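Worksheet for the structure shown next.
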Amino acid sequence: MTIKFNNLIFLDTEATGLDEEDRIFQIAYEFRGEENEELFKPPLAIKFGAMEVTHFTNKDVENKKPYSDSEMKKELENIFKDNIFVAHNAKFDIKMLEREGHKIEKFIDTLKVAQFLDPQGKLEAYRLQFLRYALDLDVKNAQAHDALGDVRVLKALFLRLYEKMKKDLGDEKSAIDKMVEISSNPVIYKKINFGKYAGEKLDEVVKKDKGYLEWLLREKKKQASEGDLDEDWIATLEKYLQ
């Protein structure tokens, strides 16, 4: 990385699962050109679904130290204070880090920025590995769903998005500031990726079946009241239904 990115930390976590009780067992990050990666013994077992994705098992971490007692935690506490956190689907990694006592204040979510820079909704998906190939990112030694491999793809994706943003806005600071702004606000989806209209554009769905989107909004708000907030879909549906 060049010196202009000295205040960015590129980070990825792997966790025992996707539920409220799940915890981190792997962290990798790059900061100021140096990579760090470590496995930790989590306070609960890695679930089979997580094993299927990451190919790590409980045997791989049984002799590792807990993250709470690690040097990496101390290092990250200092890094997070004055730097910008960069991740793909950052809300997941932030949630996992917060469970470990970290506080993330300023961040860039490459998933949200990628969606913002595709205003016509031409891309089929915005998953990290999908974008790796859809955008023809040339990344070496980057195994999918290994935290360090994902960090390498993340950095390459960030650079591609940053160059596009800088071209649009004219200077480096404006590009970074805009990426932070986008990341801190709900995403407005262009397509629906589930249900009977999966794959269709929302501006078309609202014309032919507004009632379906009204029902979906009620369901999303009900889920939010029960603790499962999906602010991106709520903001999207309210925009198309206004």
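Each value in this text was obtained by applying a stated rule to the coordinates, not by laboratory testing. Because the structure is a prediction, the values reported are computed rather than measured. So basically every Cβ, Gly included, is an ideal-geometry build from the backbone, and we count neighbours across all protein chains shown.
In region 195-241, taking the dipole from charged Cβ atoms about the Cα centre, the farthest positive-side position among Ala235, Val206, Gly195 is held by Val206.
For region 195-241, the alpha carbon positions stretch 30, 19, 18 Å along the principal axes, listed from largest to smallest.
Under the 0.36 nm per residue contour assumption, what length would be gained going from the current alpha-carbon distance of Leu44 and Gln129 to full extension?
27.8 nm
Rounded to the nearest whole Hz, the Karplus-based 3J(HN,Hα) values (6.51 cos²θ - 1.76 cosθ + 1.60, θ = phi - 60°) of region 14-30 follow the sequence 10, 10, 5, x, 10, 8, 4, 8, 6, 9, 6, 10, 8, 9, 9, 8, 10, with x at glycine and proline.
What separates the Cα centres of region 1-44 and region 146-185 is a distance of 18 Å. Taking amide H positions as modeled 1.01 Å from N, with prolines and chain starts lacking one, no residue 5 or more places away or on another chain lies under 5 Å from Tyr126.
Could you order peptides 12-18, 94-100 by the average number of other Cβ atoms within 10 Å of their residues, highest first?
With the highest mean Cβ count within 10 Å placed first, the list reads 12-18, 94-100.
Computed from backbone phi with θ = phi - 60° and the Karplus coefficients 6.51, -1.76 and 1.60, the 3J(HN,Hα) list for region 38-48 is 7, 9, 9, 8, x, x, 9, 5, 5, 7, 4 Hz; x is used for glycine and proline.
Using 0.36 nm per residue and subtracting the Cα-Cα separation, the extra length available between Glu35 and Asn193 on full extension is 53.4 nm. Looking at the chain, the DSSP beta bridges with both ends there are about 70 percent antiparallel.
Evaluating 6.51 cos²θ - 1.76 cosθ + 1.60 at θ = phi - 60° for every residue in region 174-187, the Karplus couplings come out as 4, 5, 5, 4, 5, 5, 5, 4, 4, 5, 8, 10, x, 7 Hz, glycine and proline recorded as x. The radius of gyration of the Cα set in region 3-183, together with its Dmax, comes out at 16.2, 50 angstrom.
Residues whose amide H lies under 5 Å from that of Gln143, counting only those 5 or more places away or on a different chain, are Gly149; hydrogens are built 1.01 Å from N in the peptide plane.
Peptide packing for 200-206, 167-173 was compared via the average number of neighbouring C-beta atoms within 10 Å per residue; ordered from the highest value, the list is 200-206, 167-173. A simple spin-label model places the labels of Glu71 and Glu21 3.3 nm from each other, with each point 7 Å out along Cα-to-Cβ. Our estimate of slack between Glu62 and Lys81, defined as 0.36 nm per intervening residue step minus the Cα-Cα distance, is 3.7 nm.
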